[in-house]
1. Taking the stretch 19-30 on its own, how many of its residues are at negative phi, surrounded by 10 or more Cβ atoms within 10 Å (Cβ to Cβ) and outside any loop (DSSP other than H, G, I, E, B)?
2. Kindly indicate which of Leu78, Leu9, Leu44, Leu15 is at pLDDT below 90 and either touching an Asp or Glu at 6+ places or on another chain (Cβ under 8 Å) or not small (Gly, Ala, Ser) (or both).
3. Looking at Ala43, Ala16, Ala47, Ala12, which one is more than 26 Å from the chain's Cα centre (by Cα), free of Cβ contacts under 8 Å to residues at least 40 places away in the same chain and surrounded by fewer than 14 Cβ atoms within 10 Å (Cβ to Cβ)?
4. Among the residues of the stretch 31-39, is any closer than 17 Å to Met1 by Cβ, assigned to a helix (DSSP H, G or I), in the same structural domain as Met1 (by TED's automatic domain parsing) and aliphatic (A, V, I, L, M)?
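The values are calculated or read from the model by the stated rules, or taken from the named source; none is laboratory data. Small disclaimer: the values here were computed from a predicted structure and weren't measured. Using ideal geometry, Cβ is built from the backbone for each residue, glycine included, and neighbour counts are taken over all protein chains shown.
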Amino acid sequence: MFFVIVGVLIIASNLAGIGWFAAWNWDFTGDLWKFCVPFVFAALWWAWADSSGLNKRREIEKMEARKHNRRKENLVALGLNSRARRKANKR
């Protein structure tokens, strides 16, 4: 996502005429490749993240956290407390 934001900022700076990006042209044989570099990096990052399983691991971690929070909320809603259960088990 970082590379996409950088690419969009470069394009916006060029269109607004801000900084050294204002001098870049959109010719195919000119500076067009400079506008494309951040988007190519973003595509490479996403391809690597998907192939390495990074995205799937993050998704599983989020699902496990939601499941844990939902269980905790359900115990509280039922009037059961994890501390109360531990105390009852000690007796």
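1. In the first step, residues of the stretch 19-30 are kept if they are at negative phi; the result is 20-30.
Among the residues that remain, those that are also surrounded by 10 or more Cβ atoms within 10 Å (Cβ to Cβ) are: 21-22, 24-26, 30.
Right, trim to outside any loop (DSSP other than H, G, I, E, B) and you get 21-22.
Result for the stretch 19-30: 2.
2. Details: Leu9 fails: at pLDDT below 90; Leu44 fails: at pLDDT below 90; Leu15 fails: at pLDDT below 90.
So the residue among Leu78, Leu9, Leu44, Leu15 that is at pLDDT below 90 and either touching an Asp or Glu at 6+ places or on another chain (Cβ under 8 Å) or not small (Gly, Ala, Ser) (or both) is Leu78.
3. Numbers: Ala43 fails: more than 26 Å from the chain's Cα centre (by Cα); Ala47 fails: more than 26 Å from the chain's Cα centre (by Cα); Ala12 fails: more than 26 Å from the chain's Cα centre (by Cα).
The unique qualifying residue is Ala16.
4. Looking for residues that are closer than 17 Å to Met1 by Cβ, assigned to a helix (DSSP H, G or I), in the same structural domain as Met1 (by TED's automatic domain parsing) and aliphatic (A, V, I, L, M), one finds at least one in the stretch 31-39, hence yes.
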